[in-house]
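Worksheet: the structure to be examined is printed underneath.
The values are calculated or read from the model by the stated rules, or taken from the named source; none is laboratory data. Predicted model only: the values in this text are computed from it and were never measured. With ideal geometry, Cβ positions are generated from the backbone for all residues, glycine too; neighbour counts draw on all protein chains shown.
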Amino acid sequence: MNNNSKIPRRKFLKSIAGLLVIPSIAVWIESIKTRLKINLKSKKIVLPPDLNEGIVFYDGLIVKKNGENIKIFSSTCTHLGCKINQEKNNRFVCPCHGSQFTLSGEVVKGPATKNLMQLNFTKDKKTGKIIVYAG
């Protein structure tokens, strides 16, 4: 083997580094796309400041209001994703398979095994509107 057929070490290392950069950039781009999809799926729901007392089903949410105490849950059943749209005997009831949840969102009857997702919200100080990010 003659000396002229060898690749210089520096050129070899640059080639390897270049090959490693391409997959790294592809992974980075995919992670950005995923984060953007998650952010785009987040839905901003604005509730009126004069919500009725008690239980209100509103745009994919279950709002439980007792004076100034407000709890907001996703109305998506944790079993197969049906929309819960009724409250019977102090329980949220899924119309598809009969799962039942307490008014605090805890499972009391299956087939669901996970509690309802409680959502965070903020209250606009000027307008009193309740802003929920669901998704």
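Evaluate segment 84-105: report whether one residue or more is touching a Lys or Arg at 6+ places or on another chain (Cβ under 6 Å), modelled with pLDDT of 90 or more and part of a strand (DSSP E or B). Checked segment 84-105: at least one residue is touching a Lys or Arg at 6+ places or on another chain (Cβ under 6 Å), modelled with pLDDT of 90 or more and part of a strand (DSSP E or B).
Only a single criterion out of (1) more than 16 Å from the chain's Cα centre (by Cα); (2) assigned to a loop (DSSP other than H, G, I, E, B); (3) hydroxyl-bearing (Ser, Thr, Tyr) is not satisfied by residue 122, namely (2).
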